[in-house]
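Please read the structure below before turning to the comments.
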Number of protein chains: 2
Amino acid sequence: MKKYLLHDEWKIIEEGFNPEYNEISESCFSIGNGRFGQRANFEEQYSGKSLQGSYVAGVYYPDKTRVGWWKIGYPEYFAKVLNAPNWIGIDVQVDGEVLDLATAKVLSFRRELDMKRGVLYRHFIVRMLSGKELEVTGTRFCSMANNEVGAIQYEVKPLNFSGLIQFTPYIDADVVNQDANWDEKFWIGIAKAAKRRSAYITAETKKTAFQVCTGMKFSLSKNGEKVKQEAVQGIEEKYIGLSVAVNCEKGDHLVLHKYAGIISSRYYDKEQLMDRCVEVVNEACNTGFKKLLKAHEQVWTDKWKEADIVIEGDVAAQQGIRFNIFQLYQTYTGDDPRLNIGPKGFTGEKYGGSTYWDTEAYCLPFYLGTAGQNVARNLLVYRYRHLPKAIENAEKLGFTGGAALYPMVTMNGEECHNEWEITFEEIHRNGAIAYAIFDYIRYTGDWDYLQEYGLEVLVGIARFWAQRVHWSEPKQQFVMHGVTGPNEYENNVNNNWYTNYIATWCLKYALEAMDFVQSSKPERFGELLGKLNFDEEESKKWKHIIDNMYYPEDQERGIFLQQEGFPDKEIRTVDTLRPEDRPLNQNWSWDRILRSCFIKQADVLQGLYFFEEQFDEATHRRNFEFYEPLTVHESSLSACVHAILASRLGMHDKAYEMYLRTARLDLDDYNNDTEDGLHITSMAGTWMALVEGFGGLRAAADMLAFDPHLPDKWKSYGFHLRWRNHFLHILVGRDGAVLKNNSGQPLRVKLRGNPVEVPANGEVGF
Amino acid sequence: MKKYLLHDEWKIIEEGFNPEYNEISESCFSIGNGRFGQRANFEEQYSGKSLQGSYVAGVYYPDKTRVGWWKIGYPEYFAKVLNAPNWIGIDVQVDGEVLDLATAKVLSFRRELDMKRGVLYRHFIVRMLSGKELEVTGTRFCSMANNEVGAIQYEVKPLNFSGLIQFTPYIDADVVNQDANWDEKFWIGIAKAAKRRSAYITAETKKTAFQVCTGMKFSLSKNGEKVKQEAVQGIEEKYIGLSVAVNCEKGDHLVLHKYAGIISSRYYDKEQLMDRCVEVVNEACNTGFKKLLKAHEQVWTDKWKEADIVIEGDVAAQQGIRFNIFQLYQTYTGDDPRLNIGPKGFTGEKYGGSTYWDTEAYCLPFYLGTAGQNVARNLLVYRYRHLPKAIENAEKLGFTGGAALYPMVTMNGEECHNEWEITFEEIHRNGAIAYAIFDYIRYTGDWDYLQEYGLEVLVGIARFWAQRVHWSEPKQQFVMHGVTGPNEYENNVNNNWYTNYIATWCLKYALEAMDFVQSSKPERFGELLGKLNFDEEESKKWKHIIDNMYYPEDQERGIFLQQEGFPDKEIRTVDTLRPEDRPLNQNWSWDRILRSCFIKQADVLQGLYFFEEQFDEATHRRNFEFYEPLTVHESSLSACVHAILASRLGMHDKAYEMYLRTARLDLDDYNNDTEDGLHITSMAGTWMALVEGFGGLRAAADMLAFDPHLPDKWKSYGFHLRWRNHFLHILVGRDGAVLKNNSGQPLRVKLRGNPVEVPANGEVGF
């Protein structure tokens, strides 16, 4: 855990340079706009520790999978979001000496991420080896108003010398992925062009043949006057730099504005890319930095109006929740159903930037609650589009008859994880895809989704489960062998309770969905039956499984068993671990982790979270009290679920501890891995922990319910919520809560268990 | 399964060219001499399917491990025996047209491996694209008499033309490993020299810095007259070729002799390598092909005198057993305790040529029975030398206090496997290392080995097991979680019966060994106690485990369970599989294989084989009858164990079926993988299947026992055996068996259960 970032309600602040944490800072100060984004790398050269990262949504590379011994069913490739051409670079030389914060003495340094405005800001004063002192101020953003544009304002002031300062703004497509499995480069240069103040490079990804044109235009002024001098062109195969050197006196004020365009073939024909990029860059340049920034800030202002959560009395918590919301909206804006939310968004390479079950299990509620139906629906349609591939995935493993297995990791629907040990057997993911449909319909009331898309997905998933179980003679029940549950510190276990439970639930829900479509849209239902080749026989088989599934339990303890045989382990609680053993995955051998009782992330408890209403409170409590002390929360997806369950059980201290852990996971680097990038998908879990945990939000039977609690340390908190046609605001303070209904229709809602009607544009205290 | 090789008692024969099976033939016709060896690649160029392979004992490369996600305890590298510089190459051109069996029309072709003489022979007639017809005869061997020398006689006859025939014998050190994890080349050129008729290249392996000097000298004659013309030198960075072109008339007889020296830095200082190579090559050349060959043949004659097994009435079986014995002695001769037996010997790259538990479990009995005490002892000392590394291996996994975990795959004692899924958790291997000590002492009576080397190894291994088990509260017994047994179609199971059993046995045997050393060498014992830091407390702990270990059983079926929960699987027998499903590992997904009940290789039955006398026959039978029908024998190490158990149970047909499967595994390509190389270590299993299976050999209580059976199809079989100071021969015919004692001392032996004394140099029928 690290605590070097300052607490502030709206800003992330690094005061004083921490080169040893630079990669962490690069992650935390990342900016993006849903279409492209980047780590907070410096504009000028930096020879210290750094992970260079710039990413363009949906532009990926199918890197050859790295396994010791490929076996049937293993994926052929591991898709990764590519490190894209660098558009931020501005090399600076002072009388031929390179400006580099790793070699210069840093006299002062401040880096800020202003979340209210969506701006990355940096100010520093350095003394170079020559003794020359320089003051630099950088301001950068990826425009939310025009998501093809990025802009930088880079100001330099010589403090104690006169001399020649040279700027080389550049575009560099000769970039690598640090995590390339085979140390290959993934980009091929296709075309380039350079003019007086502008440069454009079109590069193409190997294998996938995506093209991205990255362009820039810059202007340079000294003390407010434009520098008109010609630039010297430095052109390499996949690089163009334009150098301008200016004679300066001590105290002069140099300002470089760099405008960039990032245009990808996902949105344009390849032939148009460069023309479009020139257009975009020229337009940005003509508009100018100030105006561009203003438009960008306006989008954030609007977003915050809908999505902000205000916490009074706890700056760390306030900063944490805003950071999470901010990063989520930088990553995914929901306007393109071909896109999804990578676990690291635009902030790092790890996990390849692909789609995981995180989207369905964690991100969906956030977008449902803050962005409305269409964004959430796009996330569902994304999976519908991948159904044929999911069927192929299942076929590769030996399943037949339209059984669908959604991938653990994917870009285009094909499974593309990079390892066997953890991901291969995590078939529970299939359950989350089905659950998301249920969750979406429960929240939005959009039952129509079933006949349009949902039912086909549900049937494919149900078919997978019906084939994946088998009959156990000794038990005289159906069992499921060889799985990994959400707890990735186990592998190839038999009868993981969560997986068994969600499998049966999927079968039930698919049958219910069928009944619904049959009665509401009989014609469409007939059409679907034919398309799916579904008959009575199959539904009988499903019912037989539903009625005869085995669920491992410990009768004596009154708990569900994470997997069969779990109590045979040496049971010890996390508090008996030595601090130097944590995190386990960085200190213990895999052999030891697998055998231990320690749980990486909610597993049985994930099931209790999803299916809360199916278990009574005593059951919740017994399971929570058994599993929570065994859980190390070394997955970012764990603490939020525990926070919600603890809230429900009135264990407010535990809930608060878990909340802080998820809210500040990256800012405080809890798991010692923020340097790889941020845990974007788990940030949605933070929102859930607050809204569903402290706020006690539940959506059930077409009615919302709230049962809020105010953490002791806080004065109040308030959050917005979209619910069908309503815009709500809930404020929870020391003296009670207030629900505002900011819409033209009254709202029926359950407050602390009591049904209440909140008038249109009115409020109710409770 | 393929049946294209002809049956013959002493030879492996390919009649007619089978280019589609060429890689299989290259494996089957491999030759070697314990120090170096090679696949049966052609001397002349071949552009068809081929795996080029030439290997030098103990010269390996630590290739970076290939895993998707490295975890603590994974090995850093995967050691592999390197494809070594090619010394066999002789390019042939006819009037500028390259001789290449892939492009020429092959009019006749015969390839023979003469196992009696240790010679690879090839004869073919081809019509080249130009219409020219050529007859070629190649004879090649790796000298067993001088293990630094290889020699080739290459004869060419123009059949229907006159023209210019050019020979380019060469040395090529610019070779690659087909299985290189990262497509790197592993050799660096260090020095080279070329003269009129000779060439030398010293190359060094990257990282490990082994050096090998490979040299050649050749002579060429036409119709018995030496060709004196100068050679044209073609020299590249890691290649030297010497070209001589000869004008020929139709019917001329050209003979090229190529003598090679392979000198490695494992036996000489690096500075001496080239000098030594020149010396060796010159000497070979001066000796001449005929004399060299004669000396080589004499070694084989002597070997066969001691190790041959004669089967009358079944040519396929006869060929099979000789093939196995031949390949074993080509691979390992036992004179260097730094060497061991790679699963593929010198016949392929797969498994990296490293040491596996195969050596202890399968090869040791063969070398004990045929080569005498010293060779077997060297195999044991090999592991003693690795004890410090085995302790390090255990430490890397979190074990302490001198616990030793021998590696699954190794070159120098470090674990260096390439994957997690199968090998990582196969800790049962540790048991086999201890068992080999027991087996060796039981057979040789060399109890002294314990105090000298054995005890330290046994204690290290016992310490590992004592830490690897843990106490199960529900069972009130010790359990062992997270292992893979010998059956590699399971992974990460709990309480594998074989592993639990051998673990406890190791603890017991270590305690017994201690008692023995204590009473026989009290002083040495005291010394060892101090060195090992062993005390009463520790032995108490071991006894507690021995007395309270859990062994999974199915009471109803009366069998031991391969692992806890096994009966929960869907149990079906192998005969219900469709032919197109076999072998499973080439047709089923890993997900499906893991969940299935099908067994790759003897697991519970391996334990019954090792510890036969600890279980009654009924127990053997029940377990065999349960597990045999579930076993697919897709490991080469399976059928031999089943053959021995079936013999014991009087299931002679099954025993014979299993015997054929192991004896002709590679010749008939049972598992569709002979192209990768031969299954060298499992060949020792064939010997065991015959001698321990059909022959009923047992070594117990300082006395041998035989209980032979003659398979129905055979007229007789006879095998030699070394037993302490005795040289025995057992002949089993239709009318009974005869045991000859070819030594100057009488022998007490148990024949079909009856103790008998066989007089010195006498024989007994039974």
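The values are calculated or read from the model by the stated rules, or taken from the named source; none is laboratory data. The structure displayed is predicted, hence computed values, not measured ones. In this analysis, Cβ positions are derived from the backbone assuming ideal geometry, glycine residues included, and neighbour counts consider all displayed protein chains.
What to note about this one:
- B:GLU133 in the same structural domain as B:VAL59 (by TED's automatic domain parsing), buried (at least 18 other Cβ atoms within 10 Å of the Cβ) and acidic (Asp, Glu): yes
- Of B:PHE525, B:PHE626, all but one fail to be within 32 Å of the chain's Cα centre (by Cα), of a type in the set (Phe, Trp, Tyr) and outside any strand (DSSP E or B); the exception is B:PHE626.
- Lone qualifier among A:ASP575, A:ASP535 - being of a type outside the set (Lys, Arg), away from chain B (no Cβ under 14 Å) and within 30 Å of B:ILE72 (Cβ to Cβ): A:ASP575
- Across region A:345-372, the number of residues qualifying as on the phi < 0 side of the Ramachandran plot and touching a strand residue (DSSP E or B) at 6+ places or on another chain (Cβ under 8 Å) comes to 9.
- Qualifying residue in region B:33-46 (condition: surrounded by fewer than 24 Cβ atoms within 10 Å (Cβ to Cβ), out of contact with any strand residue (DSSP E or B) (no Cβ under 7 Å at 6 or more places or on another chain) and within 14 Å of B:PHE124 (Cβ to Cβ)): yes
- When the criteria are applied in full, B:LYS389 meets the requirement of being under 30 Å from A:GLU419 (Cα atoms), at pLDDT 90 or above and in contact with a strand residue (DSSP E or B) (Cβ under 9 Å, 6 or more places away or on another chain).
- Each residue in region A:587-620 was checked for being more than 19 Å from A:GLY693 (Cβ to Cβ) and aromatic (Phe, Trp, Tyr), and 3 of them qualify.
- In region A:309-320, the residues that are at positive phi reach residues that are at pLDDT 95 or above with C-beta atoms within less than 8 angstrom, at least six apart or across chains, in these pairs: A:GLY313/A:TRP714; A:GLY313/A:LYS715; A:GLY313/A:SER716.
- Take the conditions (1) assigned to a helix (DSSP H, G or I); (2) at pLDDT below 95; (3) in contact with a Cys (Cβ under 8 Å, 6 or more places away or on another chain); (4) under 21 Å from A:SER143 (Cβ atoms); A:GLY352 misses just one of them, which is (4).
- With respect to being surrounded by fewer than 22 Cβ atoms within 10 Å (Cβ to Cβ), within 23 Å of the chain's Cα centre (by Cα), assigned by TED's automatic domain parsing to the domain that holds B:GLY189 and β-branched (Val, Ile, Thr), B:VAL119 fits the description.
Per-residue answers, yes or no, for (1) away from chain A (no Cβ under 14 Å); (2) in a helix (DSSP H, G or I); (3) surrounded by fewer than 23 Cβ atoms within 10 Å (Cβ to Cβ):
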{"site": "B:ARG442", "(1), (2), (3)": "yes, yes, yes"}
{"site": "B:GLY454", "(1), (2), (3)": "yes, yes, no"}
{"site": "B:ALA462", "(1), (2), (3)": "yes, yes, no"}
{"site": "B:LYS475", "(1), (2), (3)": "no, no, yes"}
{"site": "B:CYS506", "(1), (2), (3)": "yes, yes, no"}
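- Filter result (part of a strand (DSSP E or B) and not aromatic (Phe, Trp, Tyr)) within region B:24-42: B:ILE31, B:GLY32, B:GLY37, B:GLN38
- Residue in region A:409-432 that is farthest from B:GLU425 (Cα to Cα), counting only those that are part of a loop (DSSP other than H, G, I, E, B) and of a type in the set (D, E, K, R): A:GLU414
- When B:GLU564, B:GLU537, B:GLU570 are checked against the criterion of being under 36 Å from the mean Cα position of the chain (by Cα), surrounded by fewer than 19 Cβ atoms within 10 Å (Cβ to Cβ) and either assigned to a helix (DSSP H, G or I) or not hydroxyl-bearing (Ser, Thr, Tyr) (or both), B:GLU570 stands alone in meeting it.
- Here region A:384-404 is the region considered, the condition is being farther than 17 Å from A:TRP357 by Cβ and of a type in the set (D, E, K, R), and the residue that is nearest to the chain's Cα centre (by Cα) is A:GLU392.
- Of A:ILE88, A:ILE72, all but one fail to be in a loop (DSSP other than H, G, I, E, B), within 14 Å of another protein chain (Cβ to nearest Cβ) and of a type in the set (Val, Ile, Thr); the exception is A:ILE72.
- Selected residue [within 14 Å of chain A (Cβ to nearest Cβ) and free of Cβ contacts under 8 Å to residues at least 12 places away in the same chain] from B:GLN555, B:GLN563, B:GLN586: B:GLN555
- Taking the numbered list (1) within 14 Å of chain A (Cβ to nearest Cβ); (2) in contact with a strand residue (DSSP E or B) (Cβ under 7 Å, 6 or more places away or on another chain) in turn, B:MET411 passes all entries but (1).
- Residue count, region A:92-133 (criterion: outside any strand (DSSP E or B) and of a type in the set (S, T, N, Q)): 2
- Region B:269-311 - residue that is outside any helix (DSSP H, G or I) and surrounded by 17 or more Cβ atoms within 10 Å (Cβ to Cβ) and, of those, farthest from the chain's Cα centre (by Cα): B:ILE311
- Filtered residue count, region A:691-735, keeping only those that are part of a strand (DSSP E or B), at pLDDT below 95 and more than 27 Å from the chain's Cα centre (by Cα): 1
- The lone exception for B:PHE611 - which of (1) more than 14 Å from chain A (Cβ to nearest Cβ); (2) under 28 Å from the mean Cα position of the chain (by Cα); (3) surrounded by 15 or more Cβ atoms within 10 Å (Cβ to Cβ); (4) not β-branched (Val, Ile, Thr) it fails: (3)
- 3 or more residues surrounded by 21 or more Cβ atoms within 10 Å (Cβ to Cβ): qualifying strands (runs of 3 or more DSSP E) within region B:142-234: B:149-158, B:163-172, B:198-205, B:211-222
- Count of residues meeting criterion [outside any loop (DSSP other than H, G, I, E, B) and within 14 Å of chain B (Cβ to nearest Cβ)] in region A:388-408: 5
- Given (1) under 30 Å from B:PRO583 (Cα atoms); (2) assigned to a loop (DSSP other than H, G, I, E, B), index of the condition A:GLN52 fails: (1)
- The condition (being out of contact with any Pro (no Cβ under 8 Å at 6 or more places or on another chain), modelled with pLDDT under 95, over 18 Å from A:PHE534 (Cβ atoms) and hydrophobic (A, V, I, L, M, F, W, C)) is satisfied by just one residue among A:PHE438, A:PHE424: A:PHE424.
- Unmet criterion (only one of (1) under 20 Å from A:GLN606 (Cβ atoms); (2) crowded, with 18+ Cβ neighbours inside 10 Å; (3) without any contact (Cβ under 8 Å) to a residue 60 or more places away in the chain) for A:MET514: (1)
- If the condition is being assigned to a loop (DSSP other than H, G, I, E, B) and without any contact (Cβ under 8 Å) to a residue 24 or more places away in the chain, then region B:589-617 contributes B:SER589, B:PHE615, B:ASP616.
- Among the criteria (1) more than 14 Å from every other protein chain (Cβ to nearest Cβ); (2) surrounded by 24 or more Cβ atoms within 10 Å (Cβ to Cβ); (3) within 27 Å of B:ILE599 (Cα to Cα), the one B:ASN487 does not fulfil is (1).
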